[in-house]
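The values are calculated or read from the model by the stated rules, or taken from the named source; none is laboratory data. Small disclaimer: the values here were computed from a predicted structure and weren't measured. All Cβ positions, glycine included, derive from the backbone under ideal geometry; neighbour counts span all protein chains shown. Just so you know, the surface numbers come from the protein's heavy atoms only, side chains and all, with ligands and any DNA or RNA stripped out. Shrake-Rupley method; radii C 1.70, N 1.55, O 1.52, S 1.80 Å.
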Amino acid sequence: MKKSIGFVEARQILMDVVTPVGTEKISLSSSFGRILAQSLTAQENIPPFDRSPYDGYALRAEDTALASENSPVTLQVLEEIPAGAIPTRVITEGTAAKILTGAPIPAGANTVVMYEKTSFTETSVTVFSPLKAGDNIVCAGEDVRQGQVLAQCGQRIDAGLAGTLAAQGVGAPVVYRKPRIALLSTGSELVEAEQDPAPGKIRNSNRYMLEAALTALGCECVYLGIAGDSAEEICTLIRIGLANCDAVLSTGGVSAGDYDLTPDAMILAGVDRFLIHGVDLKPGMACTYGMSNGKLICALSGNPASSITNFYAIAMPVLRKMAGHKDPLPQEIEVTLLDPFRKKSKGTRLLRGELVLQDGKACMRVPSDQGNVVLSSTIGCNVMAIVPAGSDKLPEGTVLKGFLL
């Protein structure tokens, strides 16, 4: 078991032992945000035929070669082609077809002129300027060509991909199943949010913080409740989580105090491999990660800011891999601090803040209080900056490496 290692090394240790949790086929209408478990190739052209982008007239460009305001060209209209209809006439010299937006281009025609640029009757259309072959025609395959790779395994289904799959007739894509994550809190001092805490008690903010984080990640969160400061109580909830979920996430009981009993409870629950105990990170140092019969247990600090920082830095990318993401690691970025940070950093520190664009640069607003128990400074947090070990106080304008949440 590794002790007090860097968070990047800790993250990689866990990445190496987890795999996606499985797949399922779901309806396309409920697939938004899900992760594809198959690579998809276009089976047909989109659009499947040459079509008109406008209401107008389909005709032969060569018939308009000599057209001008003073010498317009008048063509006979053979038929009207609404969207969804099939042309029945071939366009020949001196003829045209009235065509509506989305309708197929009739055989013989090679251009479309908009209504607004013509004069017309029910049987004829007059054109006042030359047209070019190919103008105003949406060609078959202009959007998607048959054989084109549409999406890769591990890609998130967004609005554009959902629409593209629909156009290909993929009504039920194969996606990775949402990981079921058991969430439990430890500590005899905790009560739930709706309760009035008695003297010495506090509300369980970690539950709701991590429920929100897991939901945003695309996981299914299964809350198991609060265990008191008892290895047996904690063990009972861990066992329930292991029996019913893909991984277990707990908070509290991982420091070095007399009531920090989560590692003992993990042993009682059947953890057969401890991977990490503590990381060189502030906040977020206290943690224990282990495996039980191939299932991951993430035991984080009870201090809210500490636990969410460790979650974002280590657990989140690992859970993303379990969810099937092709690129589970967070996107790295350089940020310029808009505010000073007035503490020295003996070890590696993660600053939480809000990403803003200013003067063409990626900048970060840094809440002044970054303490282990200060949860409110994570409100609006969407980026973390990495302060290297041994850093002095940081002035405004300091450039740091970081990662997006």
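So which residues in region 23-37 are part of a loop (DSSP other than H, G, I, E, B) and either free of Cβ contacts under 8 Å to residues at least 12 places away in the same chain or open to solvent by 50 Å² or more (accessible area, probe 1.4 Å) (or both), if there are any at all?
Start the filter on region 23-37 by keeping residues that are part of a loop (DSSP other than H, G, I, E, B), which leaves 26-27, 31-34, 37.
Answer for region 23-37, where residues must be part of a loop (DSSP other than H, G, I, E, B) and either free of Cβ contacts under 8 Å to residues at least 12 places away in the same chain or open to solvent by 50 Å² or more (accessible area, probe 1.4 Å) (or both): SER27, PHE32.
For region 233-252, give me each residue that is more than 14 Å from GLY270 (Cβ to Cβ) and either among the small types (Gly, Ala, Ser) or touching a helix residue (DSSP H, G or I) at 6+ places or on another chain (Cβ under 7 Å) (or both).
Correct list: ASP246, ALA247, LEU249, SER250, THR251, GLY252.
Might you let me know whether region 172-194 holds any residue that is more than 30 Å from LEU59 (Cβ to Cβ) and surrounded by fewer than 13 Cβ atoms within 10 Å (Cβ to Cβ)?
yes
For a quick check of your reading: which strands (runs of 3 or more DSSP E) sit entirely within region 165-240 and have at least 1 residues that are more than 30 Å from ALA151 (Cβ to Cβ)? Walk me through how you get there before you give the answer.
Working: elements: 174-176, 180-186, 220-227.
By residue number, 180-186, 220-227.
Quick check on region 72-92: of everything there that is among the β-branched types (Val, Ile, Thr) and open to solvent by 50 Å² or more (accessible area, probe 1.4 Å), which residue is nearest to the chain's Cα centre (by Cα)?
Per the stated criteria, the residue is ILE86.
Does any residue in region 95-115 that is open to solvent by 10 Å² or more (accessible area, probe 1.4 Å) come within less than 7 Å, Cβ to Cβ, of a residue that is among the hydroxyl-bearing types (Ser, Thr, Tyr) and not in a loop (DSSP other than H, G, I, E, B) six or more places away or on a different chain, and which pairs are these?
LYS98/TYR57
Look through region 256-267, keep the residues that are in a loop (DSSP other than H, G, I, E, B) and among the acidic types (Asp, Glu), and return whichever of them is nearest to the chain's Cα centre (by Cα). Step through it out loud before you land on a result.
Within region 256-267, the subset in a loop (DSSP other than H, G, I, E, B) is 256-261.
Now narrow it down to the ones that are among the acidic types (Asp, Glu): 258, 260.
Details: ASP258: 41, ASP260: 35 Å.
Ranking the qualifying residues of region 256-267, first place goes to ASP260.
Of (1) under 17 Å from ILE308 (Cβ atoms); (2) open to solvent by less than 50 Å² (accessible area, probe 1.4 Å), ALA216 satisfies all except one. Which?
With respect to (1) under 17 Å from ILE308 (Cβ atoms); (2) open to solvent by less than 50 Å² (accessible area, probe 1.4 Å), ALA216 is out only on (2).
So, of the residues in region 171-186 that are over 25 Å from GLN152 (Cβ atoms) and small (Gly, Ala, Ser), which turns out to be farthest from the chain's Cα centre (by Cα)?
Ranking the candidates gives SER185 first.
Does region 222-237 hold any residues that are open to solvent by 40 Å² or more (accessible area, probe 1.4 Å), among the β-branched types (Val, Ile, Thr) and closer than 17 Å to LEU210 by Cα, and which are they?
So in region 222-237, the residues open to solvent by 40 Å² or more (accessible area, probe 1.4 Å) come out as 223-224, 226, 229, 232-233, 236.
Subsequent filtering for residues that are among the β-branched types (Val, Ile, Thr) retains 226, 236.
Passing the criteria: only ILE226.
Just to be sure I understand, how many residues within region 48-76 are in a loop (DSSP other than H, G, I, E, B) and either closer than 19 Å to MET114 by Cβ or among the β-branched types (Val, Ile, Thr) (or both)?
Of the residues in region 48-76, 11 are in a loop (DSSP other than H, G, I, E, B) and either closer than 19 Å to MET114 by Cβ or among the β-branched types (Val, Ile, Thr) (or both).
Could you say which residue among GLY270, GLY302, GLY284, GLY253 is in a loop (DSSP other than H, G, I, E, B) and surrounded by fewer than 18 Cβ atoms within 10 Å (Cβ to Cβ)?
GLY270
What is the residue count in region 269-328 for residues that are over 21 Å from ARG156 (Cβ atoms), among the aromatic types (Phe, Trp, Tyr) and under 27 Å from the mean Cα position of the chain (by Cα)?
Qualifying residue count for the region: 1.
Counting only residues that are over 14 Å from GLN38 (Cβ atoms) and open to solvent by 40 Å² or more (accessible area, probe 1.4 Å), how many does region 132-162 have?
Residues that pass the stated criteria total 15.
For region 337-389, what are the residues that are among the hydroxyl-bearing types (Ser, Thr, Tyr) and open to solvent by less than 20 Å² (accessible area, probe 1.4 Å)? Walk me through it before giving the result.
Start the filter on region 337-389 by keeping residues that are among the hydroxyl-bearing types (Ser, Thr, Tyr), which leaves 345, 348, 368, 376-378.
Of everything in region 337-389, those that are among the hydroxyl-bearing types (Ser, Thr, Tyr) and open to solvent by less than 20 Å² (accessible area, probe 1.4 Å) turn out to be SER345, SER377.
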